[in-house]
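Take a look at the structure below.
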Amino acid sequence: MKYIYLDESGNLGFKEKSGQYFIVAGLCVHEEKILNRCIKNVRRGLSKKYKKNELKFSNSSDITRRRVLECISRKYISISYLALKKEWIHNHLRDKPSVIHSYLIGQLLSNILYNAEVNKSYVIIDKFLNDRKIGGFNRYMYFKSPVKIEITHVASYGNNGIQAADFVAGAIHRKYRDNTPYFYELIEK
């Protein structure tokens with residue numbers, strides 16, 4: 001059995017201040033508790049003010065970022081990602097961010113699951129769609145997947161695996177956006 005946690009960094013806006021890149025990252029583990037331990041261990045070392053809040057790459061200190069990413073790098077975790085340079089998106093798709101987002105996640109999942117050595121995978125996605133659109137999204141993912149999957153959409157504040165995926169996506173995004181590879185290099189191998 002495989003657990004795949006998916007999150008993204010950046011946005012799919014096309015204004016000048018929206019940024020050039022959009023990253024979708026996936027963390028694959030065989031046991032849920034691996035990522036839970038990383039986030040819990042890092043949270044233990046934080047002040048009370050931060051212990052109850054969601055850990056996010058974007059609003060964490062560099063020390064916290066390093067601690068989370070180093071913990072992830074020491075575990076048996078597979079990381080996959082897609083980096084989209086937004087200027088490559090055709091004009092007629094720029095006003096359809098949910099279509100672009102679904103396509104990217106579908107591509108990433110297909111790549112992750114193509115050589116899967118398991119019969120079933122659990123996909124846990126940071127909830128970005130409203131309840132009305134989740135059914136269509138799930139049908140699209142079931143169609144794209146080469147193996148049987150079960151998809152769960154969760155709020156990131158309640159899921160340590162999604163929070164870990166956020167740190168990975170943030171590190172990758174920073175590498176592309178700012179040409180600052182320090183955090184990416186922690187998880188590169």
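When the criteria are applied in full, GLU185 meets the requirement of being among the acidic types (Asp, Glu), open to solvent by 20 Å² or more (accessible area, probe 1.4 Å) and in a helix (DSSP H, G or I).
Are any of the residues in region 157-178 of a type in the set (Ser, Thr, Tyr), surrounded by fewer than 14 Cβ atoms within 10 Å (Cβ to Cβ) and in contact (Cβ under 8 Å) with a residue 40 or more places away in the chain?
yes
Being open to solvent by 50 Å² or more (accessible area, probe 1.4 Å) and at pLDDT 95 or above is the requirement here; does ARG44 meet it? Taking the combined requirement at face value, the residue does not satisfy it. Checked against (1) surrounded by fewer than 16 Cβ atoms within 10 Å (Cβ to Cβ); (2) part of a helix (DSSP H, G or I), THR64 passes all but condition (1).
Among the listed residues LYS17, LYS56, identify the single one that is without any contact (Cβ under 8 Å) to a residue 40 or more places away in the chain and either surrounded by fewer than 21 Cβ atoms within 10 Å (Cβ to Cβ) or assigned to a strand (DSSP E or B) (or both).
On the way: LYS56 fails: without any contact (Cβ under 8 Å) to a residue 40 or more places away in the chain.
Result: LYS17 is the single residue among LYS17, LYS56 that is without any contact (Cβ under 8 Å) to a residue 40 or more places away in the chain and either surrounded by fewer than 21 Cβ atoms within 10 Å (Cβ to Cβ) or assigned to a strand (DSSP E or B) (or both).
Having 3 or more residues that are open to solvent by 20 Å² or more (accessible area, probe 1.4 Å) and either among the polar types (S, T, N, Q) or touching a Phe, Trp or Tyr at 6+ places or on another chain (Cβ under 9 Å) (or both) is the bar; report the strands (runs of 3 or more DSSP E) wholly within region 76-154 that clear it. So that I can check it myself, show each step before the final result.
Details: elements: 78-85, 120-126, 148-154.
Ranges flagged: 78-85, 148-154.
Residue check: is ILE112 modelled with pLDDT of 95 or more and under 19 Å from GLU31 (Cβ atoms)? No; evaluated as a whole, the condition is false for this residue.
Taking the criterion of being at pLDDT 90 or above, at negative phi, hydrophobic (A, V, I, L, M, F, W, C) and in contact with a strand residue (DSSP E or B) (Cβ under 6 Å, 6 or more places away or on another chain), would at least one residue in region 53-73 satisfy it?
From region 53-73, those at pLDDT 90 or above are 55-73; that's our starting set.
Okay, now just the ones that are also at negative phi, so 55-73.
Narrowing further to those that are hydrophobic (A, V, I, L, M, F, W, C): 55, 57, 63, 68-69, 71-72.
So of that shortlist, the ones also in contact with a strand residue (DSSP E or B) (Cβ under 6 Å, 6 or more places away or on another chain) come out as none.
Checked against the condition, which is being at pLDDT 90 or above, at negative phi, hydrophobic (A, V, I, L, M, F, W, C) and in contact with a strand residue (DSSP E or B) (Cβ under 6 Å, 6 or more places away or on another chain), region 53-73 yields no hits at all.
For LEU129, the stated conditions do not hold, so it cannot be described as of a type in the set (A, V, I, L, M, F, W, C) and at pLDDT 90 or above.
The values are calculated or read from the model by the stated rules, or taken from the named source; none is laboratory data. Not measured: the values here are computed from a predicted model. Every residue, glycine as well, gets a Cβ built from its backbone with ideal geometry; the counts of neighbours run over all protein chains shown. All accessible areas refer to the heavy atoms of the entire protein, side chains included, with ligands and DNA or RNA removed. Shrake-Rupley method; radii C 1.70, N 1.55, O 1.52, S 1.80 Å.
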